[in-house]
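Beneath this line is the structure, given in structure tokens, with notes to follow.
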Amino acid sequence: MDESRSVTEILQHLQAGEIHMDGYVPWGSNYTFIVTMTHEGVEMEAVYKPREGEQPLWDFPTGTLCSRERAAYLVSDWLKWDVIPPTILREGPQGWGSVQFFIDHDPEENFFTFRDDYGADLRLVALLDLIINNADRKGGHVIVGTDGRLWAIDHGIAFHDEPKLRTVIWDYVGEPFEADWVGRMEALQMELASGSELLPQLQELLSRRELQAMQNRLAKLLNQPIFPEPGPGRPYPWPLV
């Protein structure tokens, strides 16, 4: 990410910038576009996912994937884990959708090529996936920017109220969570119970059942703060990358 700009500045640019469509990303199941955001004479690349381009799924309500992208960012940001690029919701050339800061990276690199070099960061991504119930953590959904920083992307299929965790990151089963991670999770649990800051934002994006399920997952993880074994069913996404 551009270290010369604050997250607040990037979010403002995403929200206020004029969107120019640069190209279509062909390898996803939903419509995804690379765009240039121009604001006050400054250009910035972003990823635009319009709601109308989302393919219907049997187990997720139609037209909610872009909201889940935003919700995942809000949770990561509140936890101060900062593993998801700044993400907003706004109107665009193809209608309402999510707009996420573009991370310049080598598309040939993925979890399977750099897993041994980013253990601590990947553990944090794996823990976030447990909290948000990510059903699609493919190997290509973790990337390393040209600055060497690891990022997690593509969170449209998350927050279901039923267990849906599917991920390629099962390397840390049985390992304990770090103490500071547990502290932030406890703070998140209290925040969701009090409803003072984050909860009202998430209520606009997720259903009551989905929010309650996330609170239940948090409680379970805090009761046994170790990386769990895969559950029943299909614990891996497909394709893996």
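The values are calculated or read from the model by the stated rules, or taken from the named source; none is laboratory data. It should be emphasised that the depicted structure is a prediction, and the values quoted were computed from it without experimental measurement. Cβ coordinates were reconstructed from backbone atoms using ideal geometry, including for glycine residues, and neighbour counts include every protein chain displayed.
Table for the structure above
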quantity	calculated
Qualifying positions in segment 1-48 - in a strand (DSSP E or B), farther than 14 Å from Gly92 by Cα and touching a helix residue (DSSP H, G or I) at 6+ places or on another chain (Cβ under 8 Å)	His39, Val42, Met44
Count of residues meeting criterion [in a loop (DSSP other than H, G, I, E, B) and touching a residue at least 40 places away in the same chain (Cβ under 8 Å)] in segment 49-60	4
Residues being surrounded by fewer than 16 Cβ atoms within 10 Å (Cβ to Cβ) and touching a residue at least 60 places away in the same chain (Cβ under 8 Å) - total across segment 218-237	7
Which listed residue is outside any loop (DSSP other than H, G, I, E, B), in contact with a Lys or Arg (Cβ under 7 Å, 6 or more places away or on another chain) and either among the β-branched types (Val, Ile, Thr) or at pLDDT below 95 (or both), from Val125, Val99	Val99
Only listed residue being among the hydrophobic types (A, V, I, L, M, F, W, C) and either crowded, with 23+ Cβ neighbours inside 10 Å or more than 25 Å from Trp238 (Cα to Cα) (or both), chosen from Val99, Val144	Val99
Matching residues, segment 83-97, being over 19 Å from Leu206 (Cα atoms) and within 18 Å of the chain's Cα centre (by Cα)	Val83, Pro85
Flag for Asp77 being surrounded by fewer than 20 Cβ atoms within 10 Å (Cβ to Cβ) and closer than 24 Å to Pro230 by Cα	no
Answer residue from segment 128-141, given it is among the charged types (D, E, K, R) and surrounded by fewer than 22 Cβ atoms within 10 Å (Cβ to Cβ) and is farthest from Phe111 (Cα to Cα) among those	Asp136
Close pairs (8 angstrom Cβ cut-off, 6 or more residues apart or separate chains): touching a residue at least 60 places away in the same chain (Cβ under 8 Å) in segment 174-198, of a type in the set (Lys, Arg) and surrounded by fewer than 16 Cβ atoms within 10 Å (Cβ to Cβ) anywhere	Arg184/Lys80
